[in-house]
Amino acid sequence: MPRSLSFTEAIRESTLQCMEADARVFVIGLGCSYPNGADGTTQGLGTLFPERVIDTPVSEAALTGAGVGAAISGMRPIVVHGRVEFALLAIDQIVTQAANWNYMFGGGNPVPITIRIAVGRQWGNGPQHTQALYGLFGSVPGLKVVIASSPRVAKGLLASAVTDGNPVVFLEPRWLYATREDVPPEPYRQDLSRAVVVREGSDVTLVTYGDGVVEGHRAARRLQERGIGVEIVDLVSLHPVDHGTIAASVRKTGRLLTFDTTHGSFCIGSEIIAKVAQHAFDALRAAPVSISCPDVPVPTSTALTEAFYPTRVDIVERVLALVGAPPIAREALSFEELHLAPKYDFSAHG
Amino acid sequence: MSVSRLAPIERSARAALPRADLLRGYQTMLLIREMEQQLVAYYLQHKVFSFVHFSIGQEAVAAGVCNALQPRDAAMGNHRSHGHYLAKGGDPFRMVAEMLGRRSGCCGGKGGSMHMVDRSVNFLGSTPILGSIVPIATGAALAAKLRKLDAVTAVFFGDGASEEGVVYESVNFAAKFALPVLYVLENNLYAVKTKLLDRRSPDHDPERVFTGLGARYVRADGNDYVDVHTKTAAALVDVRRGAPTVVECVTFRHMAHSAPLLDDAAGYRDVDPPDERLRQDAVRNLRAVLARDPESEREIAALEAAIAEQCRDAIERASREPYPDPASLLRDVHA
């Protein structure tokens, strides 16, 4: 029977099950042996597998490169980067080495490495702790890039990443760490390359991913009260993007809205809109709409982050305009809703 | 040598190696040199359509180290790795085919001269971004330790790469976890055309740096096969037991950084003019040792003829190979 797990508990359970199933799997990263191990995601694993939970020197390039080297030598490492800014210290290993490796050596040289990277907003941690950089990873051939939107998705995607046989960048929105969902206890996998329609609707297609999905659900319920059906496509994969699922939804609704919790230029939404314009232009009844953050570094003060991050209120407003419905009074969100990570329960809301 | 207060090198005695080992060393070095020399013309005719970083002059490092490794041991390299690949036993034909961009190249034409790989002999790959291969080799050694395999990983990188931070991260990592990795610091004195002393303090002391990190450090004469081979073989005993070791081999690169041309006219070389390179040339000097026995001239000549023919054959066969199918462009992005 599924039980309610948090996002971090789901990652931990998936890691544990991967380690139990395959002795080649090991975890390597800063702080992964701590009692609360990498925000709880590796908690207790070092006690169960002392040789396979490797807490390392503060050397991101070396530990990531060691993961690449172990992966080409018969192991299946899970590299953990607690923030994307630290992963950037290892960008040569991720982008130039791991991503290119199999191709540049003519095939037959797999790099079965999973690179977990925590990304995105978190209370007041500003320009060097809360960047998202989705487009950066999404633009690299050779990487599979996935982002989980809920605990259930996180567990399945991580198991798929570890067993995949290729470099998989597993992006974890910190904003979702406290969200909960009923998660099956047994191991299972989720397709690394398929987007999922997580809510059906007939009027507008909302394409989003990661922490955008929660906002999408909230906005969609509000719009449903007005009789407007929002279909939510959870991208799941940022590389490759499942353009087929998006196009099918747009052909059904005729309207497209993308929602990114990162900068608007070169964001994932831009890529979606470009491809829909090329391949499903005839299905569009209105110009696509992109909601994203302004092109400035991520600020720190709540007064500024409030202006920086779009919310469900923005989605509601833009969807109403998109379908030609009259505007409604802009809902005021509480401080908690705006600035604290949601304790959203996906199972409670269906 | 006054380049950077390089400490004097105490050389191993040539008598320390049996004649069969010397002959094997000469054979390995000559294969590297002969192959590169025969390839010069192909570069000049643009048939090798990329950078080539020739290791002529540095053969003693590749040969001395790889001949001390076991077949089960791994080796990895950098942008200048034709020699490392051949010394580890990599297929010469597939190397040339790769340099010529042919389908049967070791990377199917997707890598080129800077990407050598032959997993059948545990040459796990070479990558040209300076220092990038060092943590990867460290991870290969980590895998060997986790899998409880008796296998060492040797990694070749240059003095330029040794200025990248990830090298020090990696050596610290290997020392902390007692990994079976041999770091071969191939010091050819120049990063492209920049001298050591233009890149570091006169007080720079790699021995203190690496031993300070908890690794072992040995300095070898990279222009002397016997010295490199003897010191590497000795170091490997402890490397296998988990004592990561840096072997710094000071050597001369005869050609320009990335083209098979002599570039003395560029004026940057201060201690290795042509006559000095010739005087200290590892291939020539080891041949002289072997030829002291007048009976052996015929044996050496036969070996040389065989290697020249081996290289000609590899190049001629590779030249006749088809180019990759354009459809292969889209293949192997993922395993």
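The values are calculated or read from the model by the stated rules, or taken from the named source; none is laboratory data. Remember, it's a predicted structure, so these values are computed and weren't measured experimentally. Positions of Cβ are generated from backbone atoms using ideal geometry, with glycine treated the same way; all protein chains shown enter the neighbour counts. Heads up: the accessible areas ignore ligands, DNA and RNA and are worked out on the full protein's heavy atoms, side chains in. Shrake-Rupley method; radii C 1.70, N 1.55, O 1.52, S 1.80 Å.
For A:Leu89, all conditions in the list (1) open to solvent by 10 Å² or more (accessible area, probe 1.4 Å); (2) in a helix (DSSP H, G or I); (3) away from chain B (no Cβ under 14 Å) hold save one; what is the number of the exception?
Among (1) open to solvent by 10 Å² or more (accessible area, probe 1.4 Å); (2) in a helix (DSSP H, G or I); (3) away from chain B (no Cβ under 14 Å), A:Leu89 violates only (3).
So if I check each of A:Leu63, A:Leu16, A:Leu5, which one is open to solvent by 10 Å² or more (accessible area, probe 1.4 Å) and either closer than 30 Å to B:Arg331 by Cα or part of a helix (DSSP H, G or I) (or both)?
The conditions single out A:Leu16.
Only residues that are polar (S, T, N, Q), within 23 Å of A:Trp175 (Cβ to Cβ) and buried (at least 22 other Cβ atoms within 10 Å of the Cβ): list them for segment A:238-286, please.
Hits for segment A:238-286 are A:Thr258, A:Thr261, A:Thr262.
Sort out which residues of segment B:273-322 are of a type in the set (Asp, Glu) and modelled with pLDDT of 95 or more, and write them in order of number.
Correct list: B:Asp275, B:Glu276, B:Asp281, B:Glu304, B:Glu309, B:Asp313, B:Glu316, B:Glu321.
What single numbered condition from (1) of a type in the set (A, V, I, L, M); (2) assigned to a strand (DSSP E or B); (3) buried (at least 24 other Cβ atoms within 10 Å of the Cβ) fails to hold for A:Val213?
(2)
Among the residues of segment B:241-259, is there at least one that is open to solvent by 40 Å² or more (accessible area, probe 1.4 Å) and either of a type in the set (Ser, Thr, Tyr) or under 23 Å from B:Val289 (Cα atoms) (or both)?
So far as segment B:241-259 goes, no, none of its residues is open to solvent by 40 Å² or more (accessible area, probe 1.4 Å) and either of a type in the set (Ser, Thr, Tyr) or under 23 Å from B:Val289 (Cα atoms) (or both).
Every residue in segment B:119-145 that is hydrophobic (A, V, I, L, M, F, W, C) and either open to solvent by less than 10 Å² (accessible area, probe 1.4 Å) or facing chain A (nearest Cβ under 7 Å) (or both), please.
B:Phe123, B:Leu124, B:Ile129, B:Ile133, B:Val134, B:Ile136, B:Ala137, B:Ala140, B:Ala141, B:Leu142, B:Ala143, B:Ala144 - these are the residues of segment B:119-145 that are hydrophobic (A, V, I, L, M, F, W, C) and either open to solvent by less than 10 Å² (accessible area, probe 1.4 Å) or facing chain A (nearest Cβ under 7 Å) (or both).
So, in segment B:146-157, of the ones that are in contact with a Lys or Arg (Cβ under 9 Å, 6 or more places away or on another chain) and open to solvent by 10 Å² or more (accessible area, probe 1.4 Å), which residue ends up nearest to B:Phe173 (Cα to Cα)?
Per the criteria, the residue is B:Leu146.
Take segment A:316-350 and flag every residue that is under 19 Å from the mean Cα position of the chain (by Cα), among the hydrophobic types (A, V, I, L, M, F, W, C) and outside any loop (DSSP other than H, G, I, E, B).
Selection gives A:Phe346 alone.
Please work out which one of (1) open to solvent by 10 Å² or more (accessible area, probe 1.4 Å); (2) within 9 Å of another protein chain (Cβ to nearest Cβ) is the condition B:Ser170 fails and give its number.
The number of the failed condition is (1).
Give, as residue ranges, the helices (runs of 4 or more DSSP H) completely inside segment B:50-147 that count at least 1 residues that are free of Cβ contacts under 8 Å to residues at least 12 places away in the same chain.
The helices (runs of 4 or more DSSP H) meeting that bar are B:133-146.
Can you go through B:Val52, B:Val121 and tell me which one is at pLDDT 95 or above, of a type in the set (Val, Ile, Thr) and touching a Pro at 6+ places or on another chain (Cβ under 9 Å)?
B:Val121
Show the residue pairs meeting these rules: Cβ distance below 6 Å; 6+ apart or different chains; first residue within segment B:321-335 and facing another protein chain (nearest Cβ under 10 Å); second residue open to solvent by 100 Å² or more (accessible area, probe 1.4 Å) and basic (Lys, Arg).
B:Pro324/B:Arg103
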